[in-house]
Amino acid sequence: TREWQLVRRPQGEPVPEDFRLVDTERPDPGPGEVAVRTIALSVDPYMRGRMSAARSYAPSWELDATMEGATVGQVVASRSPDVPEGTLVLHGLGWRDVAVLPATSVRPVEPLPGLPLSLYLGVLGMPGLTAWAGLFRVASFTAGETVFVSGAAGAVGSLVGQFARLRGAARVVGSAGTPEKVRWLTGDLGFDAAFDYHDGPVRELLAAAAPEGIDVFFDNVGGEHLEAAVSAFREHGRAALCGAISAYNATEPPPGPRNLTQLVGKRVRLEGFLVGDHADLRPDFLATVPGWLREGSVQARETVHDGLDSAVDAFLDMLLRGGNTGKAVVRLAPD
Ligand code: NDP
């Protein structure tokens, strides 16, 4: 089988030479184990953190070891009666074409008639639950409020804006990195306003897009976006701090927002969160989002790269070039 390994810890922006694709002998599954052939694997921003030796919420990857991540695949050999051959499963050992792991470490999933299984890596998986938990629980969004989401054309951000619209937001505003993404947000996704953050100071762009201010900020980007949101907040605003991708390749600590004193008078709450702490919301989430998807109220766009060879490119394209619209995935085999 073939697997991607981390061979060097990136300094600043990762480069292809930090990774290598190796051929290895995978053992046959032992008692209680299954072998899963990858159909699609996920590349996600948090993986940048796992490449670094610095402590963060997910443990660092070992050097010269195969990387991990969310994957959907099909069981091709099984020594577990609970997960027979042919079962479609989700598991956490991505970045390889075949994984051998305990049957207790895989989660069986239903086929999605007419839809790709890779949606379990996006709208129906971790990014979808992140959008749901961050918007509804952490930011306590309620109907009639104005929501601003950064990284709005990405996997999580594009869902935040759509969920807010479907649940009665007064106004949904997004920022993204290209004019095409901005058009997608205000066109297909029904955002009320969107801007390209390269077009000027974010504070000014946001003030123009949300002239009455914002109640909720869902932050995927950090830095200048967070400072702009602090200025735009109305009283009792809330921010769900989901990520700060603008700083993931920084070699020096980035400057913090310079206007935090405004939080006092405005009584604003900023709260960081991790999706893993909100697994109890999954039943709610799964009771609603698949229906929205089937009826076409939610669009779950993907940017698909083909083949295991393209996995590092797919990751770098997402992290460094904003090459993805919607969820970045790597497809290894047809569903
Ligand atoms: P995305 O699909 O949004 O992909 C990353 C996007 O980030 C790129 O497409 C790019 O789009 C944008 N980007 C890259 N560099 C910058 C920059 N310097 N400034 C502004 N935007 C930039 O990824 P996800 O939806 O998977 O993740 C979004 C965020 O959510 C990340 O910060 C991630 O770490 C976080 N996250 C947090 C979780 C949690 O539990 N807290 C769980 C899941 C994700 P563009 O063209 O617009 O620049």
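Taking all Cα pairs closer than 8 Å and separated by 6 or more residues, the relative contact order of region 126-277 comes to 22 percent.
Going from the fewest other Cβ atoms within 10 Å to the most, the residues Glu204, Glu3 appear in the order Glu204, Glu3. Counting other Cβ atoms within 10 Å as a rough exposure proxy, the listed residues His236, His91, His225 run His236, His91, His225 from fewest neighbours to most. Its alpha carbons considered, region 126-277 gives a radius of gyration followed by a Dmax of 13.8, 41 Å. Hey, for a label at Ala247 modelled as a point 7 Å past Cα toward Cβ, could you say which residues of region 30-68 have their backbone N under 20 Å away? Hits in region 30-68 for Ala247 at 20 Å: 45-60.
In this structure the amide hydrogen of Ile214, modeled in the peptide plane, comes within under 5 Å of the amide hydrogens of Phe233, Arg234, none closer than 5 places in sequence on its chain. Projecting the Cα atoms of Trp95, Ala139, Pro113 onto the charge dipole of the chain (Cβ charges, centred on the Cα centre) puts Ala139 farthest toward the positive pole. Other residues lying with their Cβ under 13 Å from the Cβ of Ala314 contribute a combined charge of -3, Lys and Arg counting +1, Asp and Glu -1. Under a model in which nothing but the beta-carbon of Lys, Arg (+1) and Asp, Glu (-1) is charged, the chain shows a dipole of about 740 debye around its Cα centre. Note on Gln11/Ala58: beta-carbon distance plugged into 1/(1 + (r/R0)^6) with R0 of 25 Å gives a FRET efficiency of 0.80.
Just to check, using Stokes-Einstein with a Kirkwood Rh over alpha carbon pairs, what's the diffusion coefficient of the chain at 25 °C and 0.890 mPa s in µm²/s?
119 µm²/s
Scanning the chain for DSSP H helices at least 15 Å long along the axis (C-alpha atoms) with a Kyte-Doolittle mean no lower than -1.0 picks out 155-166, 282-295.
Using 15 Å as the cut-off for backbone N distance, which residues of region 17-37 belong to the label zone defined by a point 7 Å from the Cα of Ala65 along Cα→Cβ? So the set is empty, nothing qualifies. The loop-placed chymotrypsin sites (Phe, Trp or Tyr not before Pro) in region 4-95, going by DSSP, that have at most 11 neighbouring Cβ atoms within 10 Å of their Cβ come out as Tyr57.
Positive contributions from Lys and Arg (+1) and negative ones from Asp and Glu (-1), summed over other residues with Cβ under 14 Å from the Cβ of Ala247, come out at -4.
Here's the picture: charge each Lys and Arg Cβ at +1 and each Asp and Glu Cβ at -1 in region 126-277, and of Trp184, Leu129, Val202 the one pushed furthest to the positive end of that dipole is Leu129. Among the GluC sites (Glu not before Pro) in region 205-291, those placed in a DSSP loop whose Cβ has at most 13 other Cβ atoms within 10 Å are Glu212.
Each value in this text was obtained by applying a stated rule to the coordinates, not by laboratory testing. Fair warning: this is a prediction, and the values are worked out from it, not measured in the lab. Every residue, glycine among them, receives a Cβ derived from its backbone with ideal geometry; neighbour counts consider all protein chains shown.
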